[in-house]
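A short write-up of the structure that comes next.
The values are calculated or read from the model by the stated rules, or taken from the named source; none is laboratory data. Source: prediction; values computed, not measured. Glycine gets a Cβ as well: all are built from the backbone with ideal geometry, and neighbour counts include every protein chain shown. Keep in mind that these areas ignore ligands, DNA and RNA; they rest on the heavy atoms of the full protein, side chains included. Shrake-Rupley method; radii C 1.70, N 1.55, O 1.52, S 1.80 Å.
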Amino acid sequence: MSAKLSHRYRTQYTYLMQTVVTILIAVFCLTPMFYILSTSLKPRGAEYMIPLELWPSKPTLQAYRAVLGIVEEAELASESKGSMVLPADQARIVKSLSFVTPLRNSLIVSSAVAAFSLLISSLSAYAIARLRFRYKIQSLIFLQLGAMIPIAVTIAPTFMLMRSLGLLRTLLAMIIPNIFYNVPMSTWLIACYFAELPFDLEDAAKVDGYKPIQIFWKVIIPLAAPGLFSAGVFAFLGSWGEFMLASAVSMGIPAVQTVPAAMLNFSVQFRYEWTWISAAIILSVALVAFMTLVFQRWVIRGLTAGAVKY
Amino acid sequence: MAGVRVEGLLKKFGNVTALDHVSLEFEDGQLTVLVGPSGCGKTTLLRIIAGLEDATGGSVFIGHEAVNQVPPWERNIAMVFQSYALYPHMTVFDNIAFPLRARKISKAEVKQRVEQTAALLGLSELLQRKPRQLSGGQMQRVALGRAIVRKPEVFLMDEPLSNLDAKLRVEMRAELKRLQKDLGVTTIYVTHDQAEAMTMADKLVVMRGGVIQQMGEPEEVYSHPRNTFVGGFIGSPAMNFIRCSVDCAEAELHAPDFQCKAPSRFVEALRRRGKDSVILGVRPEDLKVLASFEEGAVPATVYISEPMGKEMLLTVEVGGALAKAITPTNVRPRIGETVWLTFDEACVHLFDSETDEALPTE
């Protein structure tokens, strides 16, 4: 009896401790995010008020409007009495630094990277998972070696390559290299998925009258959709957060900057405007956070494919 | 419709020879069963005919056309797989329609033919389901439907019933045979189950180690096995083999525990052969079990008895080896009891003790 009780007590204690530790970690990770969110909702200047407000008493979307470039001169003038910069100039600067362009650029870059790396890696994954050819293992290792080289090391050569291709200051200079950064990982993920599909399906489709490339599109791809999807999400998130290459090849031109590169500019330009910086951060994180929350189950399924039979 | 012919077919996987110069004709409209233990090359032969595997040597003809260089999607064949290989992301309708769509057949005709096939196989109510919502038997029917919907020249079936439970398997066996007769399409059927092979085949081909052991009508193969392997493989329970020494002068066979007259039809062959040992083969259903001694009966000790409903399977120890006999259920000897075995000499098979080949008869 007492043994039973103490066992139950211990189980409850373990459960309690696990919960406490989990909450502590979550608080530790989320506090900065929470404070950024709270700051982004404060009116301009309120972030300096003492005592510090944990949550704004009157939340406003002012900072978001400013960051997205939808501000009026008058609004700025009334806010920035005593500022060295004229309201008109300030409005112009804000508009030029508006976060709409970087968000749009990032969306283009990330979507293109996801789409093209999926296209390439689904084909290479098919070869690795399904075909018999010489030097297969070697080529797989070679492919993965490519993924092990830190991007920082390749920045300079990539930059020169893009320059000689005349692609500097264009989104293509971000899209093309990012595709190849993502191909090894995507190939690996998708190949694990392909490897699980029974060979009989392909054989059946062959005698049913389909050529291999048709079988690839009509049978293999639909069945590997979860794997393709998680590989796509990875590629998207990876290139969304990519900073070094993006800031190098965009060369400070706002029209071709992605979110991480624009973020740097923005925080230098408006280093005292914490509400604006916070709003920009929230905007740049919102999409990926949303994607992660919605698709996390699929992504995890994709990552664990091939690990266990289920 | 067309017959299929393979000539000198050789297939090697590395150092392993899966098919060793196999030549065989599958007649037009017939159901030919390839049977043998796993690894005997029967599935490999089927896959080569389908074009899913390249032969190392030899040729395959469908009708009069050599198809070695024709890819599977251009051979007009249909195949049913052991795993059914239904496309999991498609409905039953789309699964059956899939081969038709490859042939650019009009939508209306696809619909009509799929519905006709579904009705034939009792699948009409299931057309909108996905494979995972079907039972094993239903999946089997869908796989069949996908094969017959396109009216191929040849059906290839790779152990299509082996994933079904025993009862359903026997049902489907009869249904499949009837379907094949109705459609009259040349069918090559692979199985490792000798009962399935016997019941379904117009022509039976027994294989082992990539070599054809014997082919012929099932009754012929059953009653005149060409070697001990065929004798042991076809028929259930398997044929009993007893090694005997030969007394040519007396035309007698001597087993450790008993002796018997050599059947007269073998006497000439035994004499001509001049060897002093032979393998005696008797099928369990040809062994008669007696409770008391009779002239010429052989003593045996009951090892175990297995009632099977309408008959009893008796395992007895005779001449230091175990033998099986099928007896009526009214004979119920206990374990360890002595019984007496007799057999009709007309049912006896004799095999060469070195080559395992059947001895020729007069």
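Some points to look at:
- Listing of helices (runs of 4 or more DSSP H) fully contained in the range B:136-217 that carry 1 or more residues being within 13 Å of the chain's Cα centre (by Cα): B:166-183, B:194-200
- Residue selected from the range A:201-217 under the condition part of a helix (DSSP H, G or I) and at the interface with another protein chain (Cβ under 8 Å from one of its Cβ atoms), by the criterion farthest from B:W73 (Cα to Cα): A:L201
- Any hit, the range A:186-196, residues being within 14 Å of another protein chain (Cβ to nearest Cβ) and either in contact (Cβ under 8 Å) with a residue 12 or more places away in the chain or surrounded by 18 or more Cβ atoms within 10 Å (Cβ to Cβ) (or both): yes
- Candidate set: the range A:133-189, residues that are outside any helix (DSSP H, G or I) and of a type in the set (D, E, K, R); chosen: the one modelled with the highest pLDDT: A:R169
- Some residue of the range B:252-259 being open to solvent by 70 Å² or more (accessible area, probe 1.4 Å) and modelled with pLDDT of 85 or more: no
- Test result for B:V142, in contact with a Gly (Cβ under 9 Å, 6 or more places away or on another chain), within 26 Å of B:V190 (Cα to Cα) and buried (at least 20 other Cβ atoms within 10 Å of the Cβ): no
- When residues in the range A:268-302 are screened for being of a type outside the set (A, V, I, L, M), in a helix (DSSP H, G or I) and touching a residue at least 12 places away in the same chain (Cβ under 8 Å), 11 of them pass.
- For the condition open to solvent by less than 90 Å² (accessible area, probe 1.4 Å), of a type outside the set (S, T, Y), outside the structural domain of A:F266 (by TED's automatic domain parsing) and at pLDDT 65 or above, A:L54 does not qualify.
- When the range B:227-246 is filtered for residues that are assigned to a helix (DSSP H, G or I) and either open to solvent by less than 30 Å² (accessible area, probe 1.4 Å) or among the small types (G, A, S) (or both), the ones remaining, listed by number, are B:T228, B:V230, B:G231, B:G232.
- Evaluating B:A249 against the criteria (1) open to solvent by less than 30 Å² (accessible area, probe 1.4 Å); (2) small (G, A, S); (3) at negative phi leaves one unmet condition, (1).
- Meets criteria (open to solvent by 80 Å² or more (accessible area, probe 1.4 Å), outside the structural domain of A:L264 (by TED's automatic domain parsing), over 23 Å from A:N265 (Cβ atoms) and of a type in the set (F, W, Y)) for A:Y48: no
- Residue match in the range B:70-85 (condition: farther than 30 Å from B:K130 by Cβ and surrounded by fewer than 22 Cβ atoms within 10 Å (Cβ to Cβ)): yes
- Apart from one condition, B:A18 fits all of (1) more than 15 Å from A:K206 (Cα to Cα); (2) within 24 Å of the chain's Cα centre (by Cα); (3) outside any strand (DSSP E or B); the exception is (3).
- Within the range A:221-264, the set of residues being within 30 Å of B:Y87 (Cβ to Cβ) and either over 17 Å from the mean Cα position of the chain (by Cα) or not assigned by TED's automatic domain parsing to the domain that holds A:A115 (or both) comprises A:I221, A:P222, A:L223, A:A224, A:A225, A:P226, A:G227.
- Condition check for A:A225: open to solvent by 30 Å² or more (accessible area, probe 1.4 Å), within 14 Å of chain B (Cβ to nearest Cβ) and under 25 Å from A:F295 (Cβ atoms): yes
- Taken over the range B:81-119, the residue count meeting the criterion of being away from chain A (no Cβ under 11 Å), in a loop (DSSP other than H, G, I, E, B) and closer than 16 Å to B:A143 by Cβ is 1.
- Any hit, the range A:284-300, residues being charged (D, E, K, R), at pLDDT 65 or above, in the same structural domain as A:S110 (by TED's automatic domain parsing) and over 18 Å from the mean Cα position of the chain (by Cα): no
- Residues in the range B:24-50 that are farther than 20 Å from B:F229 by Cα and open to solvent by 10 Å² or more (accessible area, probe 1.4 Å): B:E25, B:E27, B:D28, B:G29, B:Q30, B:T44, B:R47.
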